[in-house]
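Colleague: One structure is given below, represented as structure tokens, and several questions about it will come after.
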Amino acid sequence: MKLIQSRDNAFYKSLKRLAESGRERRKTGQTLLDGVHLVEAYEAAFGTVDSLIVAESALQVGEIARFTAGRDVVVLADSLLRDLGLVDTPSGLLAIAAMPAQRPAVDYEKDAILLDGVQDPGNVGTLLRTAAAAGIRQALLAPGCASPWSPKVLRAGQGAQFALAIHEDVDLAAFMADYRGTTAVTTLEQATSLFEASWSGPLAWVFGAEGQGVRPELLATAGLRIRIPMPGAVESLNVAAAAAVCLFEMLRRRLG
């Protein structure tokens, strides 16, 4: 067990770089996980994490103490852990983990979720989590989306990344042109109600950026244009909420 109390410590500086820099994560092939649940989910999928880091105050009691008992850990002063700025409410446990290097090839005949320029880390993580919960097994992200392996997206996804084949920087228009199922886009223009639309076979759901929505070229090629009925006093839903409505309507029909 090693206690780190100085911001000048080399190991702490490496943590700070991983926390703040997507370039550093890509260069090292590593990312940071926050919380016992996320570390457990990672280890169930990929094996032991590279390093465990524990806040000094969390070392002796509670869930973190039980989880780390008998394991090699690095202990950080609480102030240093907070200063990493990893998430808004740090759990007291971090892990350095290798990002998955091998992923299955894109499947043009299976359900998919396609993200078009979704930049908010919380939304990306929630979208991935919702897709995994609905039984989807692949996610394709266009350039400009928040990285699915950033600490904040991982925290929001709560292990969904480990259950999905995730493909980044994908040309979504090319995928949609070759897809052998139905592509569906949510929009308010020239769209059919989600609860009246008909489909069969695999679906690729496209969800767009928080402000701009799905790009016009993707709207133009979609097989289904879906509108979520909203009789209340709001005009739109958060993208993650809209995705949950659509994906679980798909699941409801299949289970029924």
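The values are calculated or read from the model by the stated rules, or taken from the named source; none is laboratory data. Keep in mind it's a predicted model, so treat the numbers as computed, not measured. So basically every Cβ, Gly included, is an ideal-geometry build from the backbone, and we count neighbours across all protein chains shown. All accessible areas refer to the heavy atoms of the entire protein, side chains included, with ligands and DNA or RNA removed. Shrake-Rupley method; radii C 1.70, N 1.55, O 1.52, S 1.80 Å.
Colleague: Classify the range 112-171 from the C-alpha gyration tensor, please: rounded if a/c falls under 1.5, else prolate or oblate depending on whether a/b exceeds b/c. Please report the intermediate quantities before stating the final value.
Modeller: Values: a/c = 1.68, a/b = 1.10, b/c = 1.53.
In terms of gyration-tensor shape, oblate.
Colleague: Stretch ALA69-ASP171 to full length: gain in nm at 0.36 nm per residue minus the Cα-Cα span? Intermediate results must be reported in sequence, preceding the final value.
Modeller: Numbers: separation 102, 0.36 × 102 = 36.72 nm, distance 4.57 nm.
Full-extension gain reported as 32.2 nm.
Colleague: P(r) for the range 1-83: what percent of alpha-carbon pairs falls in each 10 Å bin, starting at zero?
Modeller: Final binned percentages: 16, 49, 33, 3.
Colleague: Oh, and also: Have a look at MET99, MET176, MET230 and tell me which one the Gaussian network model of the chain (Cα, springs below 10 Å) gives the largest fluctuation.
Modeller: It is MET230.
Colleague: Once you charge only the Cβ atoms, +1 for Lys and Arg and -1 for Asp and Glu, what is the size of the charge dipole of the range 1-134 about its Cα centre, to the nearest 20 debye?
Modeller: Details: 15 positive and 18 negative charges, 93 e Å.
Once rounded to the nearest 20, the dipole reads 440 debye.
Colleague: Same structure again: Just the Cα atoms of the range 193-248: what Rg and Dmax do they give in Å?
Modeller: Spelled out, the Cα radius of gyration and Dmax of the range 193-248 are 11.7, 34 Å.
Colleague: What trypsin sites (Lys or Arg not before Pro) does the range 150-216 have in DSSP loop regions with at most 12 other beta carbons within 10 Å? Present the calculation step by step, with values, prior to reporting the outcome.
Modeller: Numbers: sites: LYS152, ARG155, ARG180; in loops: ARG180.
Passing sites in the range 150-216 are ARG180.
Colleague: For the chain, what is the mean residue ellipticity at 222 nm derived from helices alone (per DSSP H run of n ≥ 4: -39500 (n - 2.57); sum divided by total residues; nearest 500 deg cm²/dmol)?
Modeller: Numbers: 10 runs with 92 residues, N = 256.
Mean residue ellipticity, 222 nm, calculated: -10000 deg cm²/dmol.
Colleague: When we measure straight from the Cα of LYS13, which lysines land under 27 angstrom away, once same-chain ones fewer than 8 places off are left out?
Modeller: Leaving aside lysines fewer than 8 places away in the same chain, those within reach of LYS13 are LYS2, LYS27, LYS152.
Colleague: How high is the relative contact order of the chain, in percent, counting Cα pairs under 8 Å that sit 6 or more residues apart? Display every interim value, and only then the final one.
Modeller: Numbers: 455 pairs, mean separation 47.2, N = 256.
Taking the mean separation of contacting Cα pairs over the length of the chain, I get 18 percent.
Colleague: Express the Stokes-Einstein translational diffusion coefficient of the chain in µm² s⁻¹, to the nearest whole number, given a Kirkwood radius over alpha-carbon pairs, 25 °C and a viscosity of 0.890 mPa s. Walk me through the numbers before you get to the answer.
Modeller: Numbers: Rh = 19.6 Å.
The diffusion coefficient I find is 125 µm²/s.
Colleague: Same structure, new question: Along the charge dipole of the chain, Cβ charges K/R +1 and D/E -1, which of ALA105, ILE64, PRO121 sits furthest on the positive end?
Modeller: Value computed over the given set: ILE64.
Colleague: How much FRET efficiency would the formula 1/(1 + (r/R0)^6) give for HIS37 and ASP8, where r is the Cβ-Cβ distance and R0 is 30 Å, rounded to 0.05?
Modeller: On the way: r = 32 Å, r/R0 = 1.07.
E between HIS37 and ASP8, to the nearest 0.05, is 0.40.
Colleague: Right, next: Using +1 at the C-beta of Lys and Arg and -1 at the C-beta of Asp and Glu, which of GLY159, PHE207, THR182 has the Cα lying farthest in the positive direction of the dipole of the range 128-221?
Modeller: Going by the Cα projections, it comes out as GLY159.
Colleague: Out of the GluC sites (Glu not before Pro) in the range 134-243, which ones are loop residues according to DSSP with at most 10 other C-beta atoms within 10 Å?
Modeller: GLU189, GLU196, GLU235
Colleague: Same structure, new question: Ignoring ligands, DNA and RNA, what accessible area per residue does the range 56-179 give at 1.4 Å, in Å²?
Modeller: Values: 5170 Å² over 124 residues.
Result: 42 Å² per residue.
Colleague: Please work out whether the range 137-256 counts as rounded, prolate or oblate from its C-alpha gyration tensor, where a ≥ b ≥ c are the square roots of the eigenvalues and a/c under 1.5 means rounded, while otherwise a/b larger than b/c means prolate and anything else oblate? Write out the running numbers ahead of the final one.
Modeller: Working: a/c = 1.38, a/b = 1.28, b/c = 1.07.
Rounded, since a/c falls under 1.5.
Colleague: With charges only on Cβ, +1 for K and R and -1 for D and E, what is the dipole size of the chain about its Cα centre, in debye, rounded to 20? Please list the in-between numbers first.
Modeller: Values: 25 positive and 28 negative charges, 66 e Å.
In debye, rounded to 20, the chain gives about 320.
Colleague: Would you please give the FRET efficiency between GLU235 and ASP88, computed as 1/(1 + (r/R0)^6) with r the Cβ-Cβ distance and R0 = 30 Å, to the nearest 0.05? Kindly include the intermediate steps, with their values, before the conclusion.
Modeller: Values: r = 28 Å, r/R0 = 0.95.
Between GLU235 and ASP88 the formula returns 0.60.
Colleague: I would also like to ask the following. Suppose every Lys and Arg Cβ carries +1 and every Asp and Glu Cβ carries -1, with no other charges. What dipole size does the range 87-141 come out with about its Cα centre, to the nearest 20 debye? Spell out each step's value before the answer.
Modeller: On the way: 4 positive and 6 negative charges, 39 e Å.
Approximately 180 debye in magnitude.
Colleague: From a point 7 Å beyond the Cα of GLU196 in the direction of its Cβ, which residues of the range 212-228 have a backbone N at a distance under 11 Å?
Modeller: 227
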